[in-house]
1. If you restrict to DSSP beta bridges whose two residues both lie in the range 49-162, what percentage is antiparallel, to the nearest 5?
2. For the range 347-440, would you read off the P(r) tail past 17 Å as a percentage of all alpha carbon pairs?
3. Residue-wise, which Karplus ³J(HN,Hα) couplings in Hz belong to the range 328-340, taking 6.51 cos²θ - 1.76 cosθ + 1.60, θ = phi - 60°, and x for glycine or proline?
4. Calculate the translational D of the range 156-246 in whole µm² s⁻¹ from Stokes-Einstein, where the hydrodynamic radius comes from the Kirkwood formula applied to all Cα pairs, the temperature is 4 °C and the viscosity 1.567 mPa s.
5. In Å², what does the accessible area per residue of the range 117-222 work out to with a 1.4 Å probe?
6. Rounded to the nearest 5, what % of the DSSP beta bridges within the chain are antiparallel ones?
7. State in Å² the accessible area per residue of the range 282-440; use a 1.4 Å probe, count heavy atoms of protein chains only, and round to the nearest integer.
8. Evaluate the charge dipole of the chain about its Cα centre and quote only its size in Debye, nearest 20, assuming +1 on the Cβ of each Lys and Arg and -1 on the Cβ of each Asp and Glu.
Amino acid sequence: MTAERGAPVRLSGEYQGRPGAVLARLQELYPALIDLSLGRLEVLLAKLGHPERHLPPVIHVAGTNGKGSTCANLRAIAEAAGLRVHVMTSPHLVSVTERFRLAGRLVDEDVLVAALETVERVNAGAPITVFEVLTAAGFLLFSQIPADLVVLEVGLGGRLDATNVVPKPAVCVITPVSLDHEAFLGGTVAAIAGEKAGIIKAGVPVVSAVQAPDALNVIRRRAAELGAPLRVVGQDIFVTEQVNGLNYRDADGVLPLPLPALKGQHQAGNAVLAVAALRVSGLKLPLAAYQGIARTFWPARLQRLNGTLAGMLPEGWELYLDGGHNPDAGQVLGAVLEGWKDRPVHVIAGVKQTKDASGFLKPIIERAASVQAVSEPGQHLAMPVEEIIAASGGRAIAGPTVRAALERLVSEGGAPARVLICGSLYLAGVVLAEDGWIAS
């Protein structure tokens, strides 16, 4: 386990404006020793007056894949019910302000800077990680601004993640667990599930996605130990897809739902988790609010681009972006490509170092008309193009950048096609910036 309680935070040019200056200073305080506890953050939060104890009801979301999409669905449903929702997610794609929504609105840069500077002052030069500082700043803001709900995404793992200092959430959610971040979380699905299940609290309802047997056994055992009521999709929660929507059923009854706005068959599972979590949360939502899943938006999840980069392609072509980056995400994207057989699909892939590029690419390559490997200059910890080509079994060719790869596709012509850029959330951030996307 690493001392960093969350997804690694980028500091090389990705932080623009005033927040970047504060975070760059705080990066210098990274602990020299790994203490394998949440002690540093707990000390800091005590000095801040324990804002994590003064929050609206919290829905805490852990898992390997689908956390961000599940959080986005939670927000969409709650806001459809008229609730004011705070949200903390990670990582950001273009701007650090994307990590925080205050009562439904992206945090203002000046407001975030003020919170970061407060945390910096109170921390007084003690060892701390940037993710811990961002988490503390988020809790501070959430405790100061009225809202009805907090949607809180785990950064990395769960048991020792900075977000896990919240003493008693309203609901804990565990999305599908699979192999990822093995160096930090363990080399088996069961070990990783143990880290994810570390967010479960005594007596707090738990909602779990469909899981591999080894993962579910760990989650079920932990929930039983803590007397936490557990509902599992496929065992306690059932959904069937129909032509115009989903038919949802749990112990509280049947609920007709629209098709999720987020694309891909896997997104039905993320939407169902959000619905199930809110139904056991104790919050009284009108049934009509659950129609909110038809309006969910979450960037870099099979997002269709329509900006500068998309404008490079011929009329009739489509450009999509997805930040999936592990073998399970590759399987999901492979299934998406299987459903796109009406036209050729050209893949542009860039992967982060240390990721299982071969496992990610295999199900995608099998269904792609062409594959180009890219490594953008601004892409954090980008895997070299040559390594991606090797991981593809020699099927991919060098892009070597997204623009160059798109230009090659245009020069080769052909019938209208779909282009999918994928492999890394860090690549996704670079692509969104180049395409002109701005979070709102």
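The values are calculated or read from the model by the stated rules, or taken from the named source; none is laboratory data. This is a predicted model, so every value here is computed, not measured. Ideal geometry is used to build each Cβ from the backbone, glycine not excepted, and the neighbour counts take in all protein chains shown. Calculation scope for accessible area: heavy atoms of the full protein, side chains included, ligands and nucleic acids excluded. Shrake-Rupley method; radii C 1.70, N 1.55, O 1.52, S 1.80 Å.
1. Numbers: 4 of 12 bridges.
If I count the DSSP bridges inside the range 49-162, around 35 percent turn out antiparallel.
2. On the way: 2005 of 4371 pairs.
Here the tail beyond 17 Å accounts for 46 percent of pairs.
3. 5, 5, x, 4, 5, 5, x, 5, 4, 4, 4, x, 9
4. Numbers: Rh = 13.7 Å.
The calculation lands on 95 µm²/s.
5. Working: 3280 Å² over 106 residues.
Per residue, the range 117-222 has an accessible area of 31 Å².
6. 35
7. Values: 6630 Å² over 159 residues.
For the range 282-440, the per-residue accessible area is 42 Å².
8. Details: 39 positive and 41 negative charges, 180 e Å.
Value, rounded to 20: 860 debye.
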